[in-house]
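First comes the structure, then the notes that go with it.
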Amino acid sequence: MSRLLTLAVLLVVLVLGASIGYFNAQPVQFNYLIGSSNLPLIGVLLLAFALGVAVTIITVLARLLGTRFELRRLRKQLREAEGELRTLRNLPVAAISADKR
């Protein structure tokens, strides 16, 4: 049942995309820094969408890498703290009470 629903949604999205492409096929002048060209409006729209997706993916990946580095640093810090705690728990009680005097 879920495959049928997924297929139906995909079909609707494809039909909508094709109709948007059909109705926005007229050429428009696209001006950029080093020149200009005539492109179909749907091409400009798809290019803008693709650039937005690319910038979003790059931003998310940069954030993800930063988070992974922080996670690695915190795990190392946790291992060191657990090792120190284990060492302190294994100290003889006499050594601890002698240090308090």
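By the gyration tensor of its Cα atoms, with a ≥ b ≥ c the square roots of the eigenvalues, what is the shape of the stretch 12-58: rounded for a/c under 1.5, prolate for a/b over b/c, or oblate? Walk me through the intermediate numbers first.
Details: a/c = 5.42, a/b = 1.16, b/c = 4.68.
Here the stretch 12-58 falls in the oblate category.
In nm, what is the difference between 0.36 nm times the number of residues separating Ser2 and Ile57 and their Cα-Cα distance? Can you show the working numbers first?
Working: separation 55, 0.36 × 55 = 19.80 nm, distance 2.82 nm.
Separation in residues times 0.36 nm, less the Cα-Cα distance, equals 17.0 nm.
Classify the chain: rounded, prolate or oblate, from the alpha-carbon gyration tensor (a ≥ b ≥ c, eigenvalue square roots; a/c under 1.5 rounded; otherwise prolate if a/b is larger than b/c)? List each step's numbers first, then the result.
On the way: a/c = 10.91, a/b = 2.74, b/c = 3.98.
The shape class here is oblate.
Can you give the charge dipole size of the chain about its Cα centre, rounded to the nearest 20 debye, using +1 on the beta carbon of Lys and Arg and -1 on the beta carbon of Asp and Glu? Write down the numbers at each step before the final one.
Values: 12 positive and 5 negative charges, 137 e Å.
Here the size comes out at about 660 debye.
In deg cm²/dmol and to the nearest 500, what is the mean residue ellipticity at 222 nm of the chain if only DSSP H runs of at least 4 residues count, each as -39500 (n - 2.57), divided by the residue total?
Working: 3 runs with 80 residues, N = 101.
Using -39500 (n - 2.57) per qualifying helix, the result is -28500 deg cm²/dmol.
Mind pulling the angle between the C-alpha long axis of helix 2-23 and the longest principal axis of the chain? Nearest 10 degrees, somewhere in 0 to 90.
Taking the Cα atoms of the chain, the angle to 2-23 is about 50 degrees.
Every number in this text was worked out from the coordinates using simple rules, so none of it is lab data. Since we're looking at a predicted model, the values are computed, not measured. Quick reminder, even Gly has a Cβ in these numbers, built from the backbone with ideal geometry, and neighbours come from all protein chains shown.
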